[in-house]
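The values are calculated or read from the model by the stated rules, or taken from the named source; none is laboratory data. The shown structure was predicted, so the numbers you read here are calculated from the model rather than taken from an experiment. Reconstructed Cβ throughout: ideal geometry from the backbone, glycine too, with neighbour counts over all protein chains shown.
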Amino acid sequence: MDTRGVIALLYQLADDELVVGHRDSEWLGLAPHIEEDVAFSSIAQDEVGHAALYYRLLEELGEGRADDLAFLRPAGQRRNAVLLERPNGPGTYLAEPRFDWGYTIVRRLAYDLFDAIRLEVLTASAHAPLARAAAKILREERYHLLHHTTWFRRLATGTAESRRRLEAGVAAVWPDLGGLFSLGEVAPGPHFPASPEELVDRWTAELEPLFAEVGFAWPGRPAPAAAPGADGRLGQHTPELDGLLETMGEVYRTAPGAAW
Amino acid sequence: MPNHDDRHAAFLDRVQRGEKIEATDWMPDEYRIAMVKFLQMHALSELMGALPEKEWVPRAPTLARKLSLMAKVQDEVGHAQLILRVAEDLAAPLGKGREELVAELFTGEAKFHNVFHMPAPTWADAGIIGWLVDGAAVVSQAALLTSSYAPYARVLQRVCAEEGFHIQHGESICLALAEGTPAQRQMLQDALNRWWEALLLFFGPPESNSPSAAVLFKYRFRTKTNEELRQKFLTKYVPRIWALGLTIPDPQLRFDEEAGRWVYTPPDWSKLKAIARNQGPLSQYRLGLRRLSYEQGRWVREALLAPAAQAV
């Protein structure tokens, strides 16, 4: 078994879920309506819960304590896709949050679909604990995908403004998509039996018909790799990730060894 | 057909016998208006009550704490939704819907609970809120489980059950800090010092002579006074706070065995007046955050109500 490959893969999974869950959690109390605030928080909790599961698998493989892995690693060691670290919009969760629901929905839809495909691949992984975890997580992710697909359709067919804002979200998300499909240091093999090209094929086959259905121009097939120098899976990140990690670890760093 | 005065007298007789009122029952306007006002304030307090703690969700210090705090704050938003649904049914004959009930928060016509105007500057504040503010909330809400308005009493059963989990969640944070490093312990003591007066203010002044309170008592919506609730809170929580080795910042605090009640230094009641005018420490900041997010979400709500969306 290629343990190093499994570890590299787990970092991508854990960091993706933690960073997107963190961004989602910044919407708490600020979502467009009360029912969605509750629903979106459940999704954020699922994502952080999945991250915790992946970090525990890393802990079992001797990588260190799960909380240390989540809270202390600097940006250069993070393996999440850059798309997921982008802020929700101007402002912060504490000051003048002018968060962008259109962007949030497109990012979530793009990521949920990618993640569902990645998890389906992982259910066939030769690394049994990961295959088992993937099967369990996939059951929850189906609901995330359903939720965000519903939002996408509603905003696309709602008002002229909602359609415009959703299209702006598409335009903002698309340049970052390649980084989602990058496998970084992971080579396709028994623990991850698919290539980035295959992931893009399956993703495109799912999403292109939805764009056609709502009358959106298809922005084009995503590249199967990040733009040069912007591959989060290789630890190449934006300053926004530094800010996110600064916030996330603010309390934990004051006494990392202590019980909290 | 009984005249209005007879119906009113019969209604009053019903509630004073302990009978429960349902949404579809006839009720005097005085009752309906008082109920809407109370439920609106409760719902808006849950909504605004999410804000002090949610400040700590992105900074929660472990994965487990991040998850439990998110779930806790989510519950508060969920309570706002449950109670708003009850309020919407009551307010419909008055020509008000959810949009109006929430928007009155921004005009100052509707209030939110005094305790959520206070700052929460450290992680320990998130623990104290979960443990003691929710503890105080359960004391006052449990006293309303026998309320004459049945739909509210039913919703409160779930609210109180969930608040019970919140208290455990908050107490667990406080326990970890109390048993932690000297700096963690100090952070907890500082947070308690900061919140103690707010916890006394929570229940309102001992002599509440407001006309709206009188209406609530008359119709058996409320049965316990502010001071009775505060005493109950002190009886339950003072020993627990002491058990953590914390100091309560009131040298006068003691249980008077003869009188059978707690003696405490009165908080500065005038602070409640400032808060009622939304001039508490963080009133404007929190209202500003709520108003901004409400305005930012308007286009989304409009899209959901658009005819094309109905077909999807």
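For region B:229-270, residues that are without any contact (Cβ under 8 Å) to a residue 60 or more places away in the chain, of a type in the set (Phe, Trp, Tyr) and surrounded by 13 or more Cβ atoms within 10 Å (Cβ to Cβ) total 2.
Only residues that are in a helix (DSSP H, G or I), out of contact with any helix residue (DSSP H, G or I) (no Cβ under 6 Å at 6 or more places or on another chain) and within 14 Å of chain B (Cβ to nearest Cβ) were counted across region A:90-138, and they come to 1. Of the residues screened, residue B:50 is one that is out of contact with any Pro (no Cβ under 8 Å at 6 or more places or on another chain), part of a helix (DSSP H, G or I) and surrounded by 24 or more Cβ atoms within 10 Å (Cβ to Cβ). Of the residues examined, residue A:61 is not one that is modelled with pLDDT of 95 or more, more than 13 Å from chain B (Cβ to nearest Cβ) and buried (at least 18 other Cβ atoms within 10 Å of the Cβ). Which members of region B:109-154 meet the condition of being in a helix (DSSP H, G or I) and under 26 Å from residue B:291 (Cα atoms)? B:114, B:115, B:116, B:117, B:123, B:125, B:126, B:129, B:130, B:133, B:134, B:137 - these are the residues of region B:109-154 that are in a helix (DSSP H, G or I) and under 26 Å from residue B:291 (Cα atoms). Of note, residue A:14 satisfies the criterion of being in contact with a helix residue (DSSP H, G or I) (Cβ under 6 Å, 6 or more places away or on another chain), under 15 Å from residue A:141 (Cα atoms) and within 12 Å of chain B (Cβ to nearest Cβ).
Of the residues A:107, A:118, A:73, only one is basic (Lys, Arg), modelled with pLDDT of 95 or more and in contact with a Gly (Cβ under 8 Å, 6 or more places away or on another chain); which? Going through A:107, A:118, A:73 in turn, the sole match is A:107. Out of B:76, B:99, one residue alone is farther than 27 Å from residue A:252 by Cα and either under 14 Å from the mean Cα position of the chain (by Cα) or at pLDDT below 95 (or both). It is B:99.
Contact map, region B:148-170: residues that are free of Cβ contacts under 8 Å to residues at least 24 places away in the same chain and buried (at least 21 other Cβ atoms within 10 Å of the Cβ) paired with residues that are of a type outside the set (Asp, Glu) and outside any helix (DSSP H, G or I), Cβ distance under 8 Å, separation 6+ or inter-chain. Pairs shown: B:156/B:144; B:156/B:145; B:156/B:147. Kindly indicate whether any position in region B:178-189 is under 13 Å from the mean Cα position of the chain (by Cα) and not hydroxyl-bearing (Ser, Thr, Tyr). Among the residues of region B:178-189, not one is under 13 Å from the mean Cα position of the chain (by Cα) and not hydroxyl-bearing (Ser, Thr, Tyr), which makes the answer no. Give the number of residues within region B:26-47 that are among the hydrophobic types (A, V, I, L, M, F, W, C) and either within 8 Å of chain A (Cβ to nearest Cβ) or in a loop (DSSP other than H, G, I, E, B) (or both). Counting residues in region B:26-47 that are among the hydrophobic types (A, V, I, L, M, F, W, C) and either within 8 Å of chain A (Cβ to nearest Cβ) or in a loop (DSSP other than H, G, I, E, B) (or both) gives 3. Under the condition of being closer than 27 Å to residue A:53 by Cβ and not β-branched (Val, Ile, Thr), the residues counted in region B:38-76 number 22.
Among the residues of region B:237-257, which ones are part of a helix (DSSP H, G or I) and small (Gly, Ala, Ser)? Selection gives B:243 alone.
Of all the criteria given as (1) within 14 Å of another protein chain (Cβ to nearest Cβ); (2) part of a helix (DSSP H, G or I); (3) of a type outside the set (Gly, Ala, Ser), the one not satisfied by residue B:61 is (2). For region A:226-259, residues that are surrounded by fewer than 20 Cβ atoms within 10 Å (Cβ to Cβ), within 14 Å of chain B (Cβ to nearest Cβ) and more than 18 Å from residue A:92 (Cβ to Cβ) total 7. Residue A:52 - would you say it is part of a helix (DSSP H, G or I) and buried (at least 24 other Cβ atoms within 10 Å of the Cβ)? No, not satisfied. Scanning region A:72-89 for residues that are farther than 15 Å from residue B:297 by Cβ and either part of a helix (DSSP H, G or I) or within 14 Å of another protein chain (Cβ to nearest Cβ) (or both) yields A:72, A:73, A:75, A:76, A:77, A:82, A:83, A:84, A:85, A:87. In region B:275-306, the residue that is farthest from the other protein chains (Cβ to nearest Cβ) out of those that are under 21 Å from residue B:114 (Cα atoms) and in contact with a Ser or Thr (Cβ under 9 Å, 6 or more places away or on another chain) is B:277. In region B:53-74, of all residues being touching a His at 6+ places or on another chain (Cβ under 7 Å) and touching a residue at least 12 places away in the same chain (Cβ under 8 Å), the one that is surrounded by the fewest Cβ atoms within 10 Å (Cβ to Cβ) corresponds to B:68.
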